[in-house]
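Here is the structure we will look at, set down as structure tokens.
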Amino acid sequence: MGKNKNKNRDFVSQKERQKKRDKSWKKPEIPQHHLDVELQDMVLRINQQLRCSCGIIYADILACCTSCGKPNPLNA
């Protein structure tokens, strides 16, 4: 019985013998631009700052943007 198993293996190619690794656990690639934006937002949170829609960065303890006067979304 052991000889028959080895005999059948001779006909199997090298690629068929190798098992493919399961990569379903991997996260999809995130574009570099999205990583940069996420990193910049994280730095602003650490420094307790906000970026207004007008582009100005101001402290998150202020009631409104120092440039355009838009109310702070954290205080609302």
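The values are calculated or read from the model by the stated rules, or taken from the named source; none is laboratory data. Treat the numbers as computed from the prediction; the structure is a model and nothing was measured. All Cβ positions, glycine included, derive from the backbone under ideal geometry; neighbour counts span all protein chains shown.
Specify the residue that is nearest to the chain's Cα centre (by Cα); the eligible residues are those in the range 30-65 that are among the β-branched types (V, I, T) and at pLDDT 85 or above.
Going through the qualifying residues, I end up with V37.
Within the set of pairs 6+ apart or on separate chains, which have a first residue in the range 48-62 that is surrounded by 13 or more Cβ atoms within 10 Å (Cβ to Cβ), a second that is part of a strand (DSSP E or B) and of a type in the set (G, A, S), and C-beta atoms under 8 Å apart?
Q49/A59; L50/A59
Among the residues of the range 34-41, is there at least one that is surrounded by 10 or more Cβ atoms within 10 Å (Cβ to Cβ) and β-branched (V, I, T)?
For the range 34-41, residues surrounded by 10 or more Cβ atoms within 10 Å (Cβ to Cβ) and β-branched (V, I, T): present.
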